[in-house]
Amino acid sequence: MDLINKRSLEILNHIVEAYVETGEPIGSLALAERLGMNVSSATIRNVMARLEEVGLLYSPHTSAGRLPTEAGLRFFVQGLLETGVLSNEDRLMIQSQCVQKGLTVDEVLGQVTSILSGLSSCASFLISPKKELTLKHIEFVSLQPGKALAILVTNDDEVENRLIDVPKGIPPSALAEASNYLNHRLVGKTLTDAKQQILKELSSHQTQLDQLSQNVIEKGLALWSGKEKNPSLIIQGQSKLLHNVAHLEELEAIKNIFGMLEQKETLVHLLDASLQGDGVQIFIGAQNEWFSYGGCSLVLSPYGNSEGKIIGAVGVIGPTRINYGRIIPMVDYTAKIVSHLLKR
């Protein structure tokens, strides 16, 4: 925007910083004191009026000072994405808690949310990776002519039963042969990996299975191949959102946040949205179809595995009056730490 010159940008930044500190609108006289430069309050009022015209500021009451709009906050945040730096103290705190010896992956992920919540004074969340099932046992049992029950037991002892169509008159020996063949090759492997091996064997005739058993195997693989556990969601620190409430409007925003955290699929959709960009993603107010919560902000950063594939995300959520300058680099650094740990 042509109107956003150096002076206008500095004034906008001070208005946002005052809003983060107090939640109150700030007027031209107070801004002149904060700026500490030889600029009259009349000049500041003119700049504020222009910023209001382009939708970056608004006046909550007649003759009151100004507050940043959600668009103004987003404009402010864009600059922070290039300049935000995490303090050494915060960096060391995150490192010391996450890189403790003897912690399992799940324990590290739990530590991450606790650290982010404590340092940000907001609610924090972590979307854990999808986990593809590995198998413990598979069996086919004849039920009636043309039907068999496929029984699959996963490594975490969950049992799933599916009906499959089989040739009428298939002997029990063919079902037993199919079960034995799959158990020998599937146990301890993911379904995707096992399927690739088995289909390669079947297509290259590396096995002596009869046609009936092969038919049952292919049907069984089709039922479960690619089955995954949904991502899990760890949330901590909701109560911290109530510590620094300055206005009734913020209480309404916090109610929205609590409602969002209960609808966990919203955060999973936001992970999908984060896959479209690199690094930190910031959602402020009603700017995204999956994040349309007025008065709320969310800072999210994906993390990856040893292959560089994004498998989850960490983030902080709070009212729009969060400390963006501290939280953005904090979330970014934490996501990098998690990625590093998962690569080891």
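Return yes or no: is VAL331 modelled with pLDDT of 90 or more, out of contact with any Asp or Glu (no Cβ under 7 Å at 6 or more places or on another chain) and not in a helix (DSSP H, G or I)? No; evaluated as a whole, the condition is false for this residue.
Can you confirm whether LEU182 is at pLDDT below 75 and more than 26 Å from the chain's Cα centre (by Cα)? Steps first, answer last, please.
On the way: at pLDDT below 75: no; more than 26 Å from the chain's Cα centre (by Cα): yes.
So LEU182 fails the test.
Pairing each residue of region 12-32 that is over 20 Å from VAL54 (Cα atoms) with any residue that is at pLDDT below 90 and among the small types (Gly, Ala, Ser), provided the two are 6+ apart or on different chains, yields C-beta distances under 6 Å for GLY23/ALA246; LEU29/SER41; ALA32/SER41. Quick check on my filter: what residues within region 298-328 are part of a loop (DSSP other than H, G, I, E, B) and modelled with pLDDT of 85 or more? Scanning region 298-328 gives THR320, ARG321, ILE322, ASN323. At least 3 residues being open to solvent by less than 50 Å² (accessible area, probe 1.4 Å), within 20 Å of GLN281 (Cβ to Cβ) and not polar (S, T, N, Q) is the threshold, and among the helices (runs of 4 or more DSSP H) wholly inside region 10-126 those reaching it are 70-83, 105-120.
Table: residues versus (1) in contact with an Asp or Glu (Cβ under 7 Å, 6 or more places away or on another chain); (2) of a type in the set (Gly, Ala, Ser); (3) under 20 Å from ILE328 (Cα atoms).
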site: SER121; (1), (2), (3): no, yes, yes
site: GLU139; (1), (2), (3): no, no, no
site: ALA150; (1), (2), (3): no, yes, no
site: GLU158; (1), (2), (3): no, no, no
site: LEU175; (1), (2), (3): no, no, no
site: ALA178; (1), (2), (3): no, yes, no
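Could you go through region 138-149 and let me know if any residue there is modelled with pLDDT of 75 or more and not in a strand (DSSP E or B). Looking through region 138-149, at least one residue is modelled with pLDDT of 75 or more and not in a strand (DSSP E or B).
Kindly provide the set of residues from region 2-58 that are among the acidic types (Asp, Glu) and modelled with pLDDT of 90 or more, ordered by number. Quick ask: steps written out before the conclusion?
Looking only at region 2-58, we keep the residues that are among the acidic types (Asp, Glu), and these are 2, 10, 17, 21, 24, 33, 52-53.
Within region 2-58, GLU17, GLU52, GLU53 qualify.
Taking each residue of region 160-174 that is in contact (Cβ under 8 Å) with a residue 12 or more places away in the chain and looking for partners that are among the hydroxyl-bearing types (Ser, Thr, Tyr) and surrounded by 11 or more Cβ atoms within 10 Å (Cβ to Cβ) with beta-carbon atoms closer than 7 Å, six or more apart or interchain, yields PRO172/SER142; ALA174/SER213. Across region 184-197, the qualifying residues are those that are out of contact with any Ser or Thr (no Cβ under 6 Å at 6 or more places or on another chain) and open to solvent by less than 30 Å² (accessible area, probe 1.4 Å), and the one among them that is nearest to ASP157 (Cα to Cα) is LEU186.
The values are calculated or read from the model by the stated rules, or taken from the named source; none is laboratory data. The model shown is predicted, which means the values in this text are computed figures rather than measured ones. Positions of Cβ are generated from backbone atoms using ideal geometry, with glycine treated the same way; all protein chains shown enter the neighbour counts. Protein only, heavy atoms only, side chains kept; ligands, DNA and RNA dropped before computing areas. Shrake-Rupley method; radii C 1.70, N 1.55, O 1.52, S 1.80 Å.
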